[in-house]
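Written below as structure tokens is the structure these notes are about.
The values are calculated or read from the model by the stated rules, or taken from the named source; none is laboratory data. For clarity, every value in this text was computed on a predicted model and none was experimentally measured. Here Cβ is always computed from backbone atoms with ideal geometry, including for glycine, and neighbour counts include all displayed protein chains.
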Amino acid sequence: MISLAYDWRDPALPIGALDSGLGGLSVLREVRMALPREDLLFACDCGKAPWGDRSQGWIVERVRKIAAFLVSKRVKAITVACNTATAAAIEVLRSELPFPIIGIEPAVKPAARLTRNGTIGILATTGTISSPRLQGLIDRYGKGCNVLRMACPGLMNRVEAGDFHSPETREVLHQFIDPLIREGADTLVLGCTHYPFLASEIRQIAGSAVTVIDPSRAVAHFLVERLEEEGLIRGIRGEEPVERFWCTGETVQKTTVLRHLWNDRAEMESLDEAWPSLSAQA
């Protein structure tokens, strides 16, 4: 069990977010837009990413350890800004922690509503594509649709490297998107939080007739709803909100990418140094 030694029902406490890598920033930026007064803490596992090919047991343990770090910073809610982690571990977190735990899932339901010809393509990591959770979403919301699943190994690495618009990145995207378009997909679901940072390239390759769905804004709106239900929205404040970022692995290159994705003042701190128990897991 994750130990909780504080009263989490304090609206002044920060919101935590976690991901396997920097992709969760696509969710966090929507959270910042929706909640401009809140302190935000983001912890990611760049040193062990990607998680898509890891076992469920490994992912659950990793998520629990990173969540425990955020709990040590006295958060009032955690956003699991990772499809793979949501599929593998969110129910474990919800069983161990009393405050709001918000996850992210491939947007099958809105895709089924928006498709014109009934063919939907899902771009995601191998772990998400093969997860029972995704199959459950398809069974529940994708009835009557032709749902095409495309595992995209290596794609999140382009974002982690800060390589958003190179010919190499476009070539990788073509490998994953072209087969879906050939099979008639008129709607593409971005099933990994890294992929919104490649959205302009994805839209250009897919073509203007194809709808591209990013669920990040919906996640932020659901977080707002849960905080409102619990009376946890922070009130008016005079000082600037706090934003802190941690990652495992080296921090210099990740700070460079972080500043590109967030702002030029952002700094990546070492999660390995801040929470040594992470280094004990291979």
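Since Arg62 meets every condition but one in (1) of a type in the set (D, E, K, R); (2) part of a loop (DSSP other than H, G, I, E, B); (3) more than 19 Å from Trp262 (Cβ to Cβ), which condition does it not meet?
(2)
Could you say which residue among Glu243, Glu201, Glu250 is closer than 25 Å to Cys152 by Cβ, crowded, with 17+ Cβ neighbours inside 10 Å and either not small (Gly, Ala, Ser) or not assigned by TED's automatic domain parsing to the domain that holds Ile66 (or both)?
Sole residue among the options that is closer than 25 Å to Cys152 by Cβ, crowded, with 17+ Cβ neighbours inside 10 Å and either not small (Gly, Ala, Ser) or not assigned by TED's automatic domain parsing to the domain that holds Ile66 (or both): Glu201.
Quick one: which residue in Ala185, Ala220 is under 29 Å from Leu35 (Cβ atoms), surrounded by 13 or more Cβ atoms within 10 Å (Cβ to Cβ) and among the aliphatic types (A, V, I, L, M)? Before the answer, list the steps.
Details: Ala185 fails: under 29 Å from Leu35 (Cβ atoms).
The conditions single out Ala220.
Considering the stretch 114-134 alone, what residues qualify as being at pLDDT 95 or above and more than 17 Å from Pro215 (Cα to Cα)?
Result: Arg116, Asn117, Gly118, Thr119.
Name the single residue that is surrounded by the fewest Cβ atoms within 10 Å (Cβ to Cβ) among those in the stretch 41-59 being part of a loop (DSSP other than H, G, I, E, B) and not polar (S, T, N, Q).
Checked the stretch 41-59; the qualifying residue surrounded by the fewest Cβ atoms within 10 Å (Cβ to Cβ) is Asp53.
With acidic (Asp, Glu), assigned to a helix (DSSP H, G or I) and either over 12 Å from the mean Cα position of the chain (by Cα) or in the same structural domain as Glu240 (by TED's automatic domain parsing) (or both) as the only criterion, which of Glu38, Glu30 stands out?
Within the list Glu38, Glu30, the selection yields Glu30.
Quick check: is even one residue across the stretch 133-149 touching a Phe, Trp or Tyr at 6+ places or on another chain (Cβ under 7 Å) and closer than 28 Å to Thr79 by Cβ?
No; the residues of the stretch 133-149 include none that is touching a Phe, Trp or Tyr at 6+ places or on another chain (Cβ under 7 Å) and closer than 28 Å to Thr79 by Cβ.
Please find, within the stretch 201-228, the residue that is nearest to Arg9 (Cα to Cα) out of those that are free of Cβ contacts under 8 Å to residues at least 12 places away in the same chain and in a helix (DSSP H, G or I).
Residues of the stretch 201-228 that are free of Cβ contacts under 8 Å to residues at least 12 places away in the same chain, as a first pass: 203-204, 208, 225, 228.
Imposing the further condition that a residue be in a helix (DSSP H, G or I) reduces the set to 203-204, 225, 228.
Details: Arg203: 42, Gln204: 45, Glu225: 15, Glu228: 12 Å.
Taking the candidates together, the pick is Glu228.
In this structure, does Leu232 turn out to be outside any helix (DSSP H, G or I), assigned by TED's automatic domain parsing to the domain that holds Lys48 and buried (at least 18 other Cβ atoms within 10 Å of the Cβ)?
In short, yes.
Please go through (1) acidic (Asp, Glu); (2) over 22 Å from Leu18 (Cβ atoms); (3) at pLDDT 95 or above; (4) out of contact with any Phe, Trp or Tyr (no Cβ under 9 Å at 6 or more places or on another chain) for Glu201 and return the number of the only condition it doesn't satisfy.
Result: Glu201 fails condition (4) only.
Whether any residue in the stretch 177-194 is hydroxyl-bearing (Ser, Thr, Tyr), farther than 20 Å from Leu41 by Cβ and without any contact (Cβ under 8 Å) to a residue 40 or more places away in the chain is what I want to check.
Taking every residue of the stretch 177-194 in turn, none turns out to be hydroxyl-bearing (Ser, Thr, Tyr), farther than 20 Å from Leu41 by Cβ and without any contact (Cβ under 8 Å) to a residue 40 or more places away in the chain.
Being crowded, with 16+ Cβ neighbours inside 10 Å and in a strand (DSSP E or B) is the filter here, so list the residues in the stretch 253-282 that pass it.
Once the filter is applied, which keeps residues that are crowded, with 16+ Cβ neighbours inside 10 Å and in a strand (DSSP E or B), the stretch 253-282 yields only Met268.
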